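See structure below.
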Amino acid sequence: MTAARRNSNQNPKRQRGPRTNQNPKRKRGPSSAPVVDTHASALGSDRSTGRAEARGSSWDPNIIVFACNWCSYAGADTAGVSRIQHQPHFRMIRVMCSGRIQPGFVLRAFEKGADGVLVSGCHLGDCHYVFGNERAIEQFEKTKSVIKLLGLEEGRLRLEWISAAEGARFAEVINEFTDQVRALGPSPLRPSPEPRTTIVASSG
Ligand code: FES
């Protein structure tokens, strides 16, 4: 077979270049999508906004929701699956039971920049650990007195019982609480913005 004939047998569609082993669809490595650290980034985000911002303007609060795995977290899921619209300015931290939420968790959230904290669990009598939510009430009362001592408004903290079936209730609570915290303005415990460093170039 001549060289010309051999070339004519080649299917132009099947021409191969150097093999790179790279399938653009299966690109691996660090993804360009942001990885959200539910805890740290939620609490520490938007540090540059301060208390000086105009209340009720375009400011959106940072809200942390501690949700029990068995009811409230599933309630949030139900809201999502049912496509119920609600305000998005919150991050959820899932715990196995609302009784797990100690004052230290809530204080840490405020310390890291939360403007409001919602604690939610199963309705009384429905706790998967029997008395967990009764313990949550005790812890909540302690937390309330500590935040008062710190000079935070009581309206920045809320306790709610939301079951897995109550998607609409979840959305309603989130909307109400977000508006309430927005009206209070940024938390006075928000970390102050990091000081800017100015680099002065020296000549000669
Ligand atoms: S398991 Fe939901 S509050 Fe205890």
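Quick note: the coordinates plus some simple rules give every number you see, no bench work behind them. As the structure is a prediction and not an experimental result, all values here were calculated from the model. As a convention, Cβ positions derive from the backbone with ideal geometry for all residues, glycine included, and neighbour counts pool all protein chains shown.
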Read through the list (1) part of a loop (DSSP other than H, G, I, E, B); (2) in contact with a Leu (Cβ under 9 Å, 6 or more places away or on another chain); (3) of a type in the set (A, V, I, L, M, F, W, C), then give the number of the only condition that Val119 fails.
(1)
Can Glu154 be described as more than 9 Å from the ligand (Cβ to nearest atom), exposed (fewer than 12 other Cβ atoms within 10 Å of the Cβ) and acidic (Asp, Glu)?
yes
Inside region 120-149, the number of residues satisfying the requirement of being of a type in the set (D, E, K, R), within 16 Å of the ligand (Cβ to nearest atom) and touching a residue at least 24 places away in the same chain (Cβ under 8 Å) is 3
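If you scan region 73-92, which residues turn out to be part of a helix (DSSP H, G or I) and either within 16 Å of the ligand (Cβ to nearest atom) or closer than 16 Å to Trp161 by Cα (or both)?
Here is the first cut: in region 73-92, the ones part of a helix (DSSP H, G or I) are 73-81.
Answer for region 73-92, where residues must be part of a helix (DSSP H, G or I) and either within 16 Å of the ligand (Cβ to nearest atom) or closer than 16 Å to Trp161 by Cα (or both): Tyr73, Ala74, Gly75, Ala76, Asp77, Thr78, Ala79.
Got at least one residue in region 169-176 being assigned to a helix (DSSP H, G or I), among the aliphatic types (A, V, I, L, M) and surrounded by fewer than 17 Cβ atoms within 10 Å (Cβ to Cβ)?
no
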The listed residue being in contact with a helix residue (DSSP H, G or I) (Cβ under 9 Å, 6 or more places away or on another chain), under 21 Å from Val181 (Cα atoms) and within 16 Å of the ligand (Cβ to nearest atom), out of Val95, Val65:
Val65
Taking the condition of being in a helix (DSSP H, G or I) and surrounded by fewer than 22 Cβ atoms within 10 Å (Cβ to Cβ), how many residues in region 100-116 meet it?
7
